[in-house]
Amino acid sequence: MVTVYRAHGLRIVVFVDDHEPAHVHVFGDGEAKINLAGCEGDPELIFAIGMTRAETRRAMGVVKEQQAYLLKRWSEIHG
């Protein structure tokens, strides 16, 4: 597990032994899994467990804002 970004009390990680499609796990009070490029090319929420709606929105906002950087980090880690 590699922490690739931190913001607003959230920690965004990429698991080294994870699978495609490119996605991140976001940890705050709970956890969210977010695909970095959904059907329309925007980040897509897969699940959120233990997060409030506000924290989930914050996680989605950070991932959308940092999408290009996070995709680059995914590629660096997974080749």
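The values are calculated or read from the model by the stated rules, or taken from the named source; none is laboratory data. In this text the structure is predicted, and so the values were computed from the model without any measurement. Heads up, the Cβs are rebuilt from the backbone with ideal geometry, glycines too, and the neighbour counts pull from every protein chain shown.
Just give me the residues in region 1-24 being farther than 17 Å from LYS72 by Cβ, surrounded by fewer than 18 Cβ atoms within 10 Å (Cβ to Cβ) and within 11 Å of the chain's Cα centre (by Cα), in sequence order. Explain how you work it out, then say what you get.
The first filter runs over region 1-24 and keeps only residues farther than 17 Å from LYS72 by Cβ, leaving 1, 8-11, 17, 19.
From what is left, the residues that are surrounded by fewer than 18 Cβ atoms within 10 Å (Cβ to Cβ) are 1, 8-9, 11, 17, 19.
ARG11 - this is the single residue of region 1-24 that is farther than 17 Å from LYS72 by Cβ, surrounded by fewer than 18 Cβ atoms within 10 Å (Cβ to Cβ) and within 11 Å of the chain's Cα centre (by Cα).
Take region 55-77 and flag every residue that is under 10 Å from the mean Cα position of the chain (by Cα) and among the polar types (S, T, N, Q).
GLN66, GLN67, listed by residue number.
Taking the condition more than 17 Å from ASP18 (Cα to Cα) and surrounded by 12 or more Cβ atoms within 10 Å (Cβ to Cβ), does GLU40 pass? I'd like the intermediate steps shown before the answer.
Numbers: more than 17 Å from ASP18 (Cα to Cα): yes; surrounded by 12 or more Cβ atoms within 10 Å (Cβ to Cβ): no.
Considered against the rule, which asks whether it is more than 17 Å from ASP18 (Cα to Cα) and surrounded by 12 or more Cβ atoms within 10 Å (Cβ to Cβ), GLU40 comes out as no.
Which condition number does LYS64 fail, the rest of (1) surrounded by 14 or more Cβ atoms within 10 Å (Cβ to Cβ); (2) modelled with pLDDT of 95 or more being met?
So the condition that LYS64 fails would be (1).
Would you confirm, using the coordinates I've provided, whether GLU55 is under 13 Å from GLY9 (Cβ atoms), of a type in the set (Asp, Glu) and touching a strand residue (DSSP E or B) at 6+ places or on another chain (Cβ under 9 Å)? Give the steps one after another, and end with the answer.
Working: under 13 Å from GLY9 (Cβ atoms): yes; of a type in the set (Asp, Glu): yes; touching a strand residue (DSSP E or B) at 6+ places or on another chain (Cβ under 9 Å): yes.
Answer is yes for this residue.
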